[in-house]
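Enquirer: Take this structure first; my questions come after.
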There are 2 protein chains.
Amino acid sequence: MPFTHTSLAGFVWGVDELDRRQEILEALAQNPLKTICRNPYRLSRKELWTLRMKQNLELLELKMRLGWSAQHYLDALRIVCPDVASTSPNYRKLEADDLSTVFLKNLQAQMSSEQQAYWIPKAQNFEICGTYAQTELGHGSNVREIETTATFDAQTDEIVLNSPTLSSHKYWIGGLGVMATHTLVVARLIVSGKELGNHVFLVQVRDVQTHELVPNVHIYEQGEKTLGTFASMDNGVMRFTNNRIPRSQMLAGYVRLDRDGTYHKSENKMHSYTSMVIVRGLMSREIGQDVSKAIVIALRYAAFRRQFNRKDGAETRVIEYASVRNRLFPALCRAITMMLVGREIRDQVEHLKDNNLENLHLQTVGVKVWATERGVRDVEVARLSCGGHGNMAAAGLGSIYAQLSASRTYEGDNYVLSQQIGNAVNKHWNK
Amino acid sequence: MPFTHTSLAGFVWGVDELDRRQEILEALAQNPLKTICRNPYRLSRKELWTLRMKQNLELLELKMRLGWSAQHYLDALRIVCPDVASTSPNYRKLEADDLSTVFLKNLQAQMSSEQQAYWIPKAQNFEICGTYAQTELGHGSNVREIETTATFDAQTDEIVLNSPTLSSHKYWIGGLGVMATHTLVVARLIVSGKELGNHVFLVQVRDVQTHELVPNVHIYEQGEKTLGTFASMDNGVMRFTNNRIPRSQMLAGYVRLDRDGTYHKSENKMHSYTSMVIVRGLMSREIGQDVSKAIVIALRYAAFRRQFNRKDGAETRVIEYASVRNRLFPALCRAITMMLVGREIRDQVEHLKDNNLENLHLQTVGVKVWATERGVRDVEVARLSCGGHGNMAAAGLGSIYAQLSASRTYEGDNYVLSQQIGNAVNKHWNK
């Protein structure tokens with residue numbers, strides 16, 4: 001059956017995305033997955049996790065066999081495993097056509113060219129499986145207060161990692177609980193007793209053959225998240241007890257630590273700022289897609305369902321009630337706006353210059369807060385307007401809500417972020 | 001360790017409830033359950049269901065052994081199985097000191113005294129296990145349009161039940177999917193071709209020995225609900241194909257159908273109206289308890305957690321930020337208000353007279369809409385103000401949200417209910 005789309009669909013979704021979707025659906029029809037599960041809602045977390053791992057492997061195999069682009073793979077992943085959101089840390093894409101986990105992206109961005117030549121092929125060939133460990137039990141938003149220490153030992157030319165307090169344990173690290181063999185670790189560099197601030201270190205945590213934890217690294221999987229979300233993500237907690245790594249595993253793209261402990265630094269504020277801008281901009285688009293899915297489910301139900309006010313032999317379609325219409329149509333408009341705003345920001349990012357970065361940063365902060373707050377609420381509106389039947393798992397509305405629910409917290413807590421808008425207004429007003 | 005409470009706790013919770021709680025906790029300490037599960041979040045629905053069934057049996061056994069009141073049993077159930085809400089259909093209490101499932105309550109309220117003498121002991125001794133089947137796939141709020149037919153067959157002195165359409169299938173019937181042997185069925189009575197409106201019939205659906213479905217009754221379990229809620233409730237879908245029951249199983253407390261088909265009816269609008277008033281009034285109290293639990297979790301976290309603005313050697317406690325305080329304390333006040341309003345309504349119900357029923361009905365409608373809308377939102381506020389850590393299942397905030405989430409729909413959809421307030425204002429204004 002040929003897959004066609006209207007010019008409206010092309011406008012809303014973008015012709016490229018629709019074409020790619022067609023290719024993926026045709027490929028999946030010709031190469032059906034072996035691990036389809038008709039009702040994932042009945043599974044325990046462990047069962048769901050195992051299922052998603054198998055499906056992931058099947059899709060990776062398909063990517064290699066059919067020569068899919070990274071974007072094809074990510075889109076296919078989203079079709080097959082809707083609960084493995086691409087906004088979830090391990091799968092999130094930082095650029096439109098680049099399979100870049102946060103790990104790989106940071107290797108590329110923050111390593112020296114010698115380090116890149118050694119490590120990036122290993123990561124790309126899945127010889128190592130990496131993640132990115134920044135958040136600690138005690139510090140999420142306030143990155144500057146991170147407590148993990150990385151002390152240079154000039155005698156052995158090593159760096160010694162330690163977790164001095166309970167609150168310094170690395171926490172919420174996606175992919176670390178079970179999967180990762182390596183991780184990037186954000187820690188305070190200390191040289192000759194002098195604090196030099198946060199730096200990034202590449203640390204092996206598991207043996208690549210046996211997958212056993214290496215000595216002096218202690219990890220446990222963090223357990224279930226609320227509402228069954230991110231079930232297939234193995235968030236990990238990690239503690240170091242005098243874990244030694246060679247000095248060469250301090251990421252040296254923008255800093256250098258010499259054999260004798262001499263420290264060189266070049267400024268690189270641009271990069272990390274840009275990553276956040278891009279991720280938040282993309283979130284708006286993805287949330288818009290999820291919200292529109294929920295609203296369309298609710299609209300189709302409202303067009304079919306009849307209740308009360310029998311006229312001409314049939315009860316009234318629920319969609320004809322103003323209280324239903326006035327809830328669902330504005331929500332659909334907002335969802336489409338989120339998608340268009342996301343695309344607009346992606347275009348701006350492609351022509352990003354240093355002098356419009358603050359402006360774009362503030363735009364994306366505003367959009368992130370708006371899209372996540374409104375989007376989550378609109379998904380609830382969709383579910384509530386389906387009455388009791390909205391509470392069946394099979395209606396698909398609860399899982400969209402659950403998946404989006406945490407978006408108000410990750411990539412910058414909305415309460416903290418929204419203050420940046422006010423601060424910026426104050427700052428420029430005073431000028 | 002003795003359990004004491006302050007006068008404030010006595011004011012908020014009521015001294016009776018606190019004393020009962022003390023007795024239950026002491027009894028549970030001396031008779032520890034065999035089926036404790038430290039982490040129910042890791043279970044599949046089927047595993048959780050099995051666990052809750054076993055715990056239920058253990059508590060029933062404890063009730064009988066220790067001579068607990070029904071209220072003790074219900075409170076203990078709520079302590080042990082917080083996800084088996086007492087507002088959930090099968091366990092909900094209609095009066096403060098009465099173990100009345102909806103089934104038993106309706107036997108008492110709607111059966112003739114001869115019927116009561118035969119059936120109520122069977123229900124009380126668990127010889128039969130019953131539920132209440134009103135909602136259909138096509139009709140929830142609009143009860144008058146229920147489609148299941150109950151046709152009197154004068155030749156055999158039987159009533160023949162049929163489900164004439166797909167939309168007439170009984171739906172969402174709690175306890176019917178797996179457990180029930182009997183159910184009350186709301187269906188349109190037809191005598192000699194004449195429609196006599198909705199009546200209630202007692203129907204056996206499963207063999208009491210083999211638990212096999214009886215002929216001409218078709219039931220399937222409805223599957224998972226959103227967000228893992230009501231996992232241990234076996235909602236069922238039921239269809240009749242010429243299922244015959246004796247005429248004596250039409251509930252005859254307020255109506256009578258003679259052997260020759262002569263029909264007698266007495267008015268009984270008071271009863272069903274009153275039930276709804278009581279249930280909605282009690283919801284406010286129970287929701288207030290759940291919301292206060294969530295807010296207290298968040299307040300304790302906010303008092304402990306520090307982030308940003310280091311002063312005198314430590315970062316600032318999160319609770320000291322106005323944006324956190326101003327979210328949590330008003331929510332705590334609302335939660336306590338919900339509990340007090342619920343108690344106030346219970347007192348009014350105890351002194352209920354015919355002439356203040358409409359007034360009380362409107363009050364409970366308003367309270368139900370307010371408590372469920374605000375309560376659900378306040379539980380989310382509690383979770384969001386815990387930042388990332390609010391997203392661990394173990395924090396307990398997601399499951400409270402999920403449990404309350406459907407309350408905006410059951411016992412009267414909030415969008416439909418809230419219009420009754422407006423209608424009443426209009427009606428009395430025009431007088």
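The values are calculated or read from the model by the stated rules, or taken from the named source; none is laboratory data. Here the structure is a predicted model, which means the values were calculated and not measured. Methodologically, a virtual Cβ is constructed for each residue, glycine included, from the backbone with ideal geometry; neighbour enumeration extends over all protein chains shown. Keep in mind that these areas ignore ligands, DNA and RNA; they rest on the heavy atoms of the full protein, side chains included. Shrake-Rupley method; radii C 1.70, N 1.55, O 1.52, S 1.80 Å.
Enquirer: Filter the range B:52-82 down to the residues that are surrounded by fewer than 19 Cβ atoms within 10 Å (Cβ to Cβ), in a helix (DSSP H, G or I) and in contact (Cβ under 8 Å) with a residue 60 or more places away in the chain and list them by number.
Expert: Hit for the range B:52-82 is B:Met53, nothing else.
Enquirer: Say whether the condition of being surrounded by fewer than 17 Cβ atoms within 10 Å (Cβ to Cβ) and under 26 Å from the mean Cα position of the chain (by Cα) is met by at least one residue in the range B:229-239.
Expert: no
Enquirer: How many residues does the range A:191-228 hold that are aliphatic (A, V, I, L, M), under 30 Å from A:Pro40 (Cβ atoms) and open to solvent by less than 20 Å² (accessible area, probe 1.4 Å)?
Expert: Going through the range A:191-228 one residue at a time, the tally reaches 1.
Enquirer: Please go through (1) closer than 30 Å to A:Leu184 by Cα; (2) at pLDDT below 85 for A:Gln110 and return the number of the only condition it doesn't satisfy.
Expert: Condition (2) is where A:Gln110 drops out.
Enquirer: Among the residues of the range B:154-175, are any in contact with a strand residue (DSSP E or B) (Cβ under 9 Å, 6 or more places away or on another chain), small (Gly, Ala, Ser) and assigned to a helix (DSSP H, G or I)?
Expert: Looking for residues that are in contact with a strand residue (DSSP E or B) (Cβ under 9 Å, 6 or more places away or on another chain), small (Gly, Ala, Ser) and assigned to a helix (DSSP H, G or I), one finds at least one in the range B:154-175, hence yes.
Enquirer: Within the range B:128-137, track down each residue that is over 15 Å from B:Gly412 (Cβ atoms) and modelled with pLDDT under 95.
Expert: Matches in the range B:128-137: B:Ile128, B:Cys129, B:Gly130, B:Thr131, B:Tyr132, B:Ala133.
Enquirer: So, A:Arg188, is that one at pLDDT 95 or above and away from chain B (no Cβ under 14 Å) or not?
Expert: Judged against the criteria, A:Arg188 is a match.
Enquirer: Condition first: more than 29 Å from B:Ser323 (Cα to Cα) and in contact with a helix residue (DSSP H, G or I) (Cβ under 9 Å, 6 or more places away or on another chain). Can you find one or more residues in the range A:403-426 that meet it?
Expert: No, the range A:403-426 has no match at all.
Enquirer: In the range B:163-190, what count of residues is obtained for those that are open to solvent by less than 10 Å² (accessible area, probe 1.4 Å) and more than 21 Å from the chain's Cα centre (by Cα)?
Expert: Residues meeting the conditions: 3.
Enquirer: Among the residues of the range B:135-153, count how many are under 20 Å from B:Leu202 (Cβ atoms) and either away from chain A (no Cβ under 14 Å) or part of a loop (DSSP other than H, G, I, E, B) (or both).
Expert: Of the residues in that region, 9 qualify.
Enquirer: Mind checking which residues of the range A:125-147 are within 24 Å of A:Gln209 (Cβ to Cβ), over 19 Å from the mean Cα position of the chain (by Cα) and open to solvent by 40 Å² or more (accessible area, probe 1.4 Å)?
Expert: Residues satisfying the conditions are A:Asn125, A:Phe126, A:Glu127.
Enquirer: On to the next question. Out of (1) surrounded by fewer than 17 Cβ atoms within 10 Å (Cβ to Cβ); (2) in contact with a Ser or Thr (Cβ under 6 Å, 6 or more places away or on another chain), the odd one out for B:Ala303 is which?
Expert: (2)
Enquirer: Taking the condition of being closer than 30 Å to A:Lys170 by Cβ, at the interface with chain A (Cβ under 7 Å from one of its Cβ atoms) and open to solvent by 10 Å² or more (accessible area, probe 1.4 Å), how many residues in the range B:363-415 meet it?
Expert: Total satisfying the criteria: 6.
Enquirer: Given the condition touching a helix residue (DSSP H, G or I) at 6+ places or on another chain (Cβ under 8 Å), within 14 Å of chain A (Cβ to nearest Cβ), open to solvent by less than 50 Å² (accessible area, probe 1.4 Å) and at pLDDT 85 or above, answer yes or no: does some residue in the range B:13-33 qualify?
Expert: No; the residues of the range B:13-33 include none that is touching a helix residue (DSSP H, G or I) at 6+ places or on another chain (Cβ under 8 Å), within 14 Å of chain A (Cβ to nearest Cβ), open to solvent by less than 50 Å² (accessible area, probe 1.4 Å) and at pLDDT 85 or above.
Enquirer: From the list A:Gly396, A:Gly313, pick out the single residue that is at pLDDT below 95 and under 30 Å from A:Val102 (Cβ atoms).
Expert: Exactly one residue qualifies, and that residue is A:Gly396.
Yes/no per residue for (1) small (Gly, Ala, Ser); (2) at positive phi; (3) assigned by the TED database to the domain that holds B:Ile245; (4) open to solvent by less than 50 Å² (accessible area, probe 1.4 Å):
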residue	(1), (2), (3), (4)
B:Leu104	no, no, no, yes
B:Ala109	yes, no, no, yes
B:Glu114	no, no, no, no
B:Asp153	no, no, yes, yes
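Enquirer: Among the acidic types (Asp, Glu), without any contact (Cβ under 8 Å) to a residue 24 or more places away in the chain and away from every other protein chain (no Cβ under 14 Å): does that describe A:Glu47?
Expert: It is false that A:Glu47 is among the acidic types (Asp, Glu), without any contact (Cβ under 8 Å) to a residue 24 or more places away in the chain and away from every other protein chain (no Cβ under 14 Å).
Enquirer: In the set B:Leu360, B:Leu332, which member is closer than 21 Å to B:Phe11 by Cβ, in contact with a helix residue (DSSP H, G or I) (Cβ under 6 Å, 6 or more places away or on another chain) and more than 14 Å from chain A (Cβ to nearest Cβ)?
Expert: Every option except B:Leu332 fails the conditions.
Enquirer: Now, a different point. Report, by residue number, each residue of the range A:290-329 that is away from chain B (no Cβ under 11 Å) and in contact with a strand residue (DSSP E or B) (Cβ under 8 Å, 6 or more places away or on another chain).
Expert: The answer is A:Ala302, A:Ala303, A:Arg317.
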